[in-house]
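The values are calculated or read from the model by the stated rules, or taken from the named source; none is laboratory data. All figures in this text were calculated on a predicted structure; none of them were measured in a lab. So basically every Cβ, Gly included, is an ideal-geometry build from the backbone, and we count neighbours across all protein chains shown. Areas reflect the complete protein model, heavy atoms only, side chains present, ligands, DNA and RNA absent. Shrake-Rupley method; radii C 1.70, N 1.55, O 1.52, S 1.80 Å.
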Amino acid sequence: MGNRAGERHTGPKCIAILGPLESGKTTLFEAILARTGAGAQAGSHGAGSHGEAREHAMSVEATFATTSFMGESMTFVDCPGSVEFAQEAEPVLAAADVAVVVTEADDKKLPALQLILRRLDELGLPRMLFLNKIDKSTAGVRDTLKLLQPASGNPLLLRQIPLRKDGIVVGSIDLALERAYIYREHAESEVAAIPDDEKAREIEARFSMLETLADHDDILMEQLLEEIEPPRDAVFDDLAADLREGAVTPVLIGSAEKGNGVLRLLKAIRHDAPDVTATRRRLGVDGGETVLQVMKTIHTGHGGKISVARVLCGSATDGMELADAGRVSGLYRLTGREQTKLSSSGEGETVALGKLDNANTGDTLSAGKAAAAQLARLEAPRPVFAMALNPRDRKDEVKLSAALQKLLQEDPSLVLEQNQDTGETVLGGQGEMHLRVAKERLEEKYQIAVETRPPLIPYRETIRKAVTQRGRHKKQSGGHGQFGDVVLEIRPLPRGSGFEFTETITGGVVPKQYIPSVETGVREALKGGPLGFPVVDLAVNLSDGSYHSVDSSDMAFQLAARLAMREALAAASPVLLEPVLKVEVDTPSEATARVTAILSQRRGQILGFDTRTDWPGWDVVEAMIPEAEIGNLIIELRSATAGAATYRASFDHMAELTGRLADEVLNGRGKAA
């Protein structure tokens with residue numbers, strides 16, 4: 001006890017607001033701006049001012065707003081709650097000082113809350129919990145904490161308890177200040193004495209708070225054992241120290257919708273939260289020359305590219321040169337979509353840098369001559385949903401390519417692939433809504449009409465029996481004719497063997513200079529077999545043939561080989577092959593049975609499941625599933641797990657596909673079964 005927290009951190013702070021979908025994050029974000037005077041009214045910024053968010057009733061990208069509270073600068077970042085847009089938070093969390101996690105007493109949202117808190121644990125980022133919608137909750141607040149505690153890796157420390165009148169929450173009691181606050185809608189709460197009938201409950205809850213703090217303060221532990229009332233300043237010092245050290249997660253309560261509890265939250269952030277000094281230590285930045293961390297890339301309609309970045313040390317000025325990124329052309333402070341032009345910004349501030357063409361989200365930028373060491377390089381998550389796309393008008397192909405590159409810069413969780421097997425442009429992402437928003441941006445922001453469809457499945461075909469076939473190409477049309485004659489032996493190979501070509505020519509019946517042409521013709525024939533798909537897993541041997549000293553040529557033998565292969569493949573019992581993927585699904589344990597049922601219904605072969613390492617209450621289910629069944633798997637998995645499940649898939653093998661399903665595939669290709 002004493003001065004564990006050190007001096008209060010007064011520098012500009014960056015606060016990430018996180019939480020499960022529909023927990024009230026954006027409402028809290030807007031209430032904070034309204035309370036600090038940065039918004040004319042609640043709802044004037046963030047999702048409320050963004051067409052995509054309004055249309056889909058959710059935040060779809062990180063929104064930044066710099067405001068001032070009690071003379072100190074704070075930048076709040078509203079991060080999307082949907083798991084499909086969770087990657088938006090990653091570059092923000094890398095440079096943030098503290099996270100405010102918004103949640104409510106809803107056990108269905110526990111898995112999503114655990115994902116968020118687990119990620120904060122991995123990053124070592126201090127966090128507070130804002131227990132929202134307290135006015136609508138019928139559960140006791142301590143019962144709610146028991147419900148939520150399994151999601152947190154450190155103790156949830158209750159700092160306030162609700163004050164009820166006739167069963168309705170009318171205010172809160174601050175356990176550190178030992179003071180009551182009567183809520184007033186969208187206004188500062190009224191300070192009041194703790195009612196007599198609430199004092200026993202307050203004493204019990206306060207003692208529980210102090211006991212948790214005493215786990216990291218021996219002096220406080222002695223005072224509690226000796227029943228000595230600890231000094232209030234020392235309690236506040238412990239609260240700040242434990243937050244910054246990640247020893248506890250302080251829990252504050254309120255109703256963002258009514259603006260209740262917002263002021264107490266702001267004061268807790270101002271007094272307890274670390275600033276950029278602690279963030280530099282967490283990231284391993286020594287200080288000295290200017291270092292910035294890019295948190296978001298935005299392509300605006302008129303101002304070009306903007307890179308939102310945190311000044312970790314030094315200062316940023318308009319016109320400054322950044323190694324490997326270019327010259328800053330415009331420096332701005334952001335409040336929602338509003339920009340305020342600046343000439344310079346200091347350490348800890350979050351600013352927008354104009355027209356840094358070579359800077360990407362997640363980059364670490366330096367004003368030095370050498371490029372800065374990358375502090376938090378982003379890795380795109382594996383796509384779990386995909387769509388093939390092309391411009392409706394072919395003349396827009398170049399325009400679409402440029403627009404897609406801008407989309408990838410704005411959203412690094414999108415993955416673009418030119419599929420060599422199907423010839424399609426495939427955009428992968430984290431869910432149906434994720435890709436729907438990407439499509440809308442292409443059409444509305446970049447004015448490119450696009451057509452989308454599920455990606456084609458790269459089917460193959462093979463043969464079941466060995467066949468010997470002659471192919472003869474003979475043509476006479478005046479002058480030199482064309483002549484090539486080959487005998488090919490084809491046989492099936494084990495699955496995954498690919499293609500083998502050999503020759504056992506004797507007596508020079510096919511001259512050596514034409515043998516490569518025979519192989520070329522064979523390979524051409526394998527590009528499309530009798531079922532309409534590339535042919536794999538077979539061996540071809542050139543065993544016999546004949547030639548003409550004048551009319552034979554490379555082309556003639558290529559054509560002869562193709563003729564032989566066409567007839568041989570049709571006679572060799574062709575069969576369709578489909579790709580099968582190995583899939584690992586991460587799921588809350590209580591949903592494991594539902595997940596295995598979903599996989600089985602998709603022709604999945606369940607290999608087994610086990611507990612997820614270091615993730616209590618989670619399992620990993622392994623299965624083999626045909627790629628044709630993967631398309632919308634993530635939608636069903638998330639529906640069964642309150643949005644928490646995800647999967648990883650990788651190609652494993654090709655398997656025969658017969659019967660009705662094969663007929664459907666072949667009919668879809670315009671082929672008879």
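General observations
- On inspection, residue 100 fails the criterion of being of a type outside the set (Lys, Arg), in a loop (DSSP other than H, G, I, E, B) and either farther than 21 Å from residue 641 by Cα or modelled with pLDDT under 95 (or both).
- Consider region 240-256 and keep the residues that are within 28 Å of the chain's Cα centre (by Cα) and among the charged types (D, E, K, R). The one that is nearest to residue 216 (Cα to Cα) is 245.
- Selected residue (criterion: surrounded by the most Cβ atoms within 10 Å (Cβ to Cβ)) from residues of region 553-595 that are farther than 18 Å from residue 384 by Cβ and of a type in the set (Lys, Arg): 562
- Any hit, region 107-118, residues being assigned to a helix (DSSP H, G or I), aliphatic (A, V, I, L, M) and within 18 Å of residue 273 (Cβ to Cβ): yes
- For residue 138: the one exception among (1) surrounded by fewer than 19 Cβ atoms within 10 Å (Cβ to Cβ); (2) among the polar types (S, T, N, Q); (3) within 33 Å of the chain's Cα centre (by Cα): (3)
- When the criteria are applied in full, residue 297 meets the requirement of being hydroxyl-bearing (Ser, Thr, Tyr), in contact with a helix residue (DSSP H, G or I) (Cβ under 6 Å, 6 or more places away or on another chain) and crowded, with 18+ Cβ neighbours inside 10 Å.
- Applying the condition of being among the acidic types (Asp, Glu) and in contact with a helix residue (DSSP H, G or I) (Cβ under 9 Å, 6 or more places away or on another chain) to region 241-293 and asking which residue is surrounded by the fewest Cβ atoms within 10 Å (Cβ to Cβ) yields 286.
- Identity of the residue in region 300-317, among the small types (Gly, Ala, Ser), in a loop (DSSP other than H, G, I, E, B) and at pLDDT below 90, that ends up least open to solvent (accessible area, probe 1.4 Å): 303
- Residue within region 614-627 that is modelled with pLDDT of 95 or more, farther than 15 Å from residue 587 by Cα, among the β-branched types (Val, Ile, Thr) and in contact with a strand residue (DSSP E or B) (Cβ under 7 Å, 6 or more places away or on another chain) present: yes
- Among the residues making up region 498-508, those that are at pLDDT below 95 and either on the phi < 0 side of the Ramachandran plot or among the polar types (S, T, N, Q) (or both) are 505, 506.
- Selection within region 601-634 - farther than 23 Å from residue 387 by Cβ, aliphatic (A, V, I, L, M) and open to solvent by 20 Å² or more (accessible area, probe 1.4 Å): 606, 607, 620, 624
- Just one of the listed residues (379, 397) is under 30 Å from residue 627 (Cβ atoms) and either assigned to a loop (DSSP other than H, G, I, E, B) or open to solvent by less than 20 Å² (accessible area, probe 1.4 Å) (or both), namely 379.
- Any chance residue 238 is open to solvent by 50 Å² or more (accessible area, probe 1.4 Å) and out of contact with any Phe, Trp or Tyr (no Cβ under 7 Å at 6 or more places or on another chain): no
- Of the listed requirements (1) in a loop (DSSP other than H, G, I, E, B); (2) modelled with pLDDT of 90 or more, residue 6 misses just one: (2).
- Condition met for residue 598 (among the β-branched types (Val, Ile, Thr) and either assigned to a strand (DSSP E or B) or open to solvent by less than 30 Å² (accessible area, probe 1.4 Å) (or both)): yes
- Taken over region 153-202, the residue count meeting the criterion of being closer than 23 Å to residue 233 by Cα and surrounded by fewer than 13 Cβ atoms within 10 Å (Cβ to Cβ) is 4.
- Candidate set from region 329-348 (those that are assigned to a loop (DSSP other than H, G, I, E, B) and among the small types (Gly, Ala, Ser)); member that is farthest from the chain's Cα centre (by Cα): 343
- If you go through region 318-328 and keep only what is open to solvent by less than 50 Å² (accessible area, probe 1.4 Å) and over 27 Å from the mean Cα position of the chain (by Cα), you end up with 319, 320, 322, 323, 326, 328.
- Residues that are open to solvent by less than 30 Å² (accessible area, probe 1.4 Å) and either touching a residue at least 60 places away in the same chain (Cβ under 8 Å) or of a type outside the set (A, V, I, L, M, F, W, C) (or both) within region 426-437 comprise 428, 429, 430, 431, 434, 437, listed in sequence order.
- Within region 355-364, tally of residues that are open to solvent by less than 10 Å² (accessible area, probe 1.4 Å) and either touching a helix residue (DSSP H, G or I) at 6+ places or on another chain (Cβ under 8 Å) or within 14 Å of residue 317 (Cβ to Cβ) (or both): 2
- Selection from region 135-160 of residues that are closer than 14 Å to residue 265 by Cα and part of a helix (DSSP H, G or I): none
- In summary, strands (runs of 3 or more DSSP E) completely within region 601-665 and bearing 2 or more residues that are under 23 Å from the mean Cα position of the chain (by Cα) and not aromatic (Phe, Trp, Tyr) occur at 618-626, 646-657.
- Considering residues of region 24-50 that are part of a helix (DSSP H, G or I) and at pLDDT below 60 only, the residue surrounded by the fewest Cβ atoms within 10 Å (Cβ to Cβ): 49
- Cβ separations smaller than 8 Å between residues 6+ apart or across chains give the following pairs from region 368-391 residues that are modelled with pLDDT of 80 or more to residues that are open to solvent by 60 Å² or more (accessible area, probe 1.4 Å) and in a loop (DSSP other than H, G, I, E, B): 385/632; 386/454; 387/454; 388/454; 388/456.
- Within the set 388, 352, the sole residue that is farther than 18 Å from residue 316 by Cβ, open to solvent by less than 40 Å² (accessible area, probe 1.4 Å) and in a strand (DSSP E or B) turns out to be 388.
- If the condition is being of a type in the set (Ser, Thr, Tyr) and in contact with a Leu (Cβ under 9 Å, 6 or more places away or on another chain), then region 565-604 contributes only 587.
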